[in-house]
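This report refers to the structure that appears directly beneath it.
The values are calculated or read from the model by the stated rules, or taken from the named source; none is laboratory data. All values reported here derive from a predicted model rather than from experimental measurement. Heads up, the Cβs are rebuilt from the backbone with ideal geometry, glycines too, and the neighbour counts pull from every protein chain shown.
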Amino acid sequence: MKTCYIHSVVSISAQNSFFENDTVSEIQEYSDYKISAVHPPYRDFIPLSQLRRMSPAVKMGFAASKKALEKANIEQPDAIITGSGLGCIADTETFLNRLIENEEQFLTPTAFIQSTHNTVAGQIALGLKCKAYNTTYAHGSVSFESALVDAQLQVEAGEANNILVGGVDELGTEFVDYVHIVEHKQKQPIQVPLSEGATFCVLSSEKKEGTVAVLKAVEIQSKITDENIVTEMQAFLKRNKVDSSEIDAVILGNNGDAFDVYYQHIEKLFPKTDLLQYKKYVGEYFTASAFAFWMGAQLIEGKTLPKQFFARKPESKSYKTVLLYNQFKGSQHSFVLLTQC
């Protein structure tokens, strides 16, 4: 099978990750329960005539994907694969509010059409005039990882050479408030802000100058008990012929709720390994783990991340192998392994 190389990774998040020389120099800290992404000047990437009709998710996805393709020197990808937990939720809210206000009569379908999960991938394809394979995964907190699995299989099987892959979710205006209300009725609720973001990368079967890293493995499991998470992690590493001592950094999706116990077990498995956390600074959303993918690529590429991301950093070193682990409410577990070229 062919190796799956990562040629570029671009992220729009609640931190200034899109610019700043493709890294984050200073961390912004937030106290509100919901935070918007730091939006770049979209007019630099999207014609003004189209920009005013786009939802935040489409704007973020369009800009991040365009920059990812530019960094990879790719004009036309062989496939466009995205993941989104909520799709264009702002347009969904608009449609449902009009449905109520107009008593289910005289509705225009525009907001409904634009609310679907595959709107982002469709708009990217239209902008590129790309007629290649195009699909979107709406699999909750493993939406982005599902897209990665699809892309990796195509690259390894030789069905595509260059694939644009992304994860994107927008904040919306109302649904996020309902989530906040429900969450804070829990005994130990999510303690990081609810947020939004978009991360896009180009995966390829070819190694070339500027290649960032290798996507070695991606696995998804629906249910794992917290007692068995260490066993499952060890099995994942064994299947990929990597010893736990070879992992240079582990990036975890802690969000402060009762299910952080999973991450606590993983921390004990890597007692001398650098540990990073990110949701405190970029928030929780269904494709937040895509930001961790960006972080892992940054580490392997030799770029410096702010010290706030590090929950444990024994010493300054280079990173050759990075492990990403995320779960949501005790289910939808994802394991991603990135290595140096």
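Is it true that some residue in the stretch 172-183 is surrounded by 13 or more Cβ atoms within 10 Å (Cβ to Cβ), among the hydroxyl-bearing types (Ser, Thr, Tyr), more than 22 Å from GLN277 (Cβ to Cβ) and at pLDDT below 95? Yes, that holds for at least one residue. When the stretch 155-192 is filtered for residues that are in a loop (DSSP other than H, G, I, E, B) and closer than 29 Å to THR135 by Cα, the ones remaining, listed by number, are ALA157, GLY158, GLU159, ALA160, ASN161, GLU170, LEU171, GLY172, THR173, GLU174. Of all the criteria given as (1) at pLDDT 90 or above; (2) within 19 Å of THR173 (Cα to Cα); (3) of a type outside the set (Gly, Ala, Ser), the one not satisfied by VAL10 is (2). For the stretch 50-63, give me each residue that is assigned to a helix (DSSP H, G or I) and of a type outside the set (A, V, I, L, M). Within the stretch 50-63, GLN50, PRO56, LYS59, GLY61, PHE62 meet the criteria.
Listed here are the residues, each with its yes/no results for (1) of a type outside the set (S, T, N, Q); (2) in contact (Cβ under 8 Å) with a residue 40 or more places away in the chain.
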{"residue": "GLN221", "(1), (2)": "no, yes"}
{"residue": "ASP226", "(1), (2)": "yes, yes"}
{"residue": "GLU232", "(1), (2)": "yes, yes"}
{"residue": "SER244", "(1), (2)": "no, no"}
{"residue": "ILE247", "(1), (2)": "yes, yes"}
{"residue": "VAL261", "(1), (2)": "yes, no"}
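With respect to the conditions (1) in the same structural domain as PHE310 (by TED's automatic domain parsing); (2) within 26 Å of GLN152 (Cβ to Cβ); (3) surrounded by fewer than 19 Cβ atoms within 10 Å (Cβ to Cβ), GLU284 lacks only one, and its number is (3).
If you take the residues of the stretch 64-118 that are among the small types (Gly, Ala, Ser) and outside any loop (DSSP other than H, G, I, E, B), which of them is surrounded by the fewest Cβ atoms within 10 Å (Cβ to Cβ)?
So the first thing to find is which residues in the stretch 64-118 are among the small types (Gly, Ala, Ser), and the list is 64-65, 68, 72, 79, 83-85, 87, 90, 111, 115.
When the remaining residues are screened for being outside any loop (DSSP other than H, G, I, E, B), the result is 64-65, 68, 79, 83, 90, 111.
On the way: ALA64: 32, SER65: 31, ALA68: 23, ALA79: 22, GLY83: 33, ALA90: 23, ALA111: 20.
Among those residues, the one meeting the criterion is ALA111.
Within the stretch 130-141, residues that are without any contact (Cβ under 8 Å) to a residue 12 or more places away in the chain have Cβ atoms under 9 Å from residues that are crowded, with 17+ Cβ neighbours inside 10 Å in these pairs: LYS131/ALA125, counting only partners at least 6 apart in sequence or on another chain.
Can you confirm whether PHE200 is assigned by TED's automatic domain parsing to the domain that holds GLY158, out of contact with any His (no Cβ under 6 Å at 6 or more places or on another chain) and either buried (at least 16 other Cβ atoms within 10 Å of the Cβ) or not in a loop (DSSP other than H, G, I, E, B) (or both)?
Details: assigned by TED's automatic domain parsing to the domain that holds GLY158: yes; out of contact with any His (no Cβ under 6 Å at 6 or more places or on another chain): yes; either buried (at least 16 other Cβ atoms within 10 Å of the Cβ) or not in a loop (DSSP other than H, G, I, E, B) (or both): yes.
Yes.
For the stretch 4-49, what are the residues that are part of a helix (DSSP H, G or I) and touching a residue at least 60 places away in the same chain (Cβ under 8 Å)? Answer for the stretch 4-49, where residues must be part of a helix (DSSP H, G or I) and touching a residue at least 60 places away in the same chain (Cβ under 8 Å): just ASP22. Each residue in the stretch 259-316 was checked for being closer than 23 Å to ILE190 by Cα and of a type in the set (A, V, I, L, M), and 10 of them qualify.
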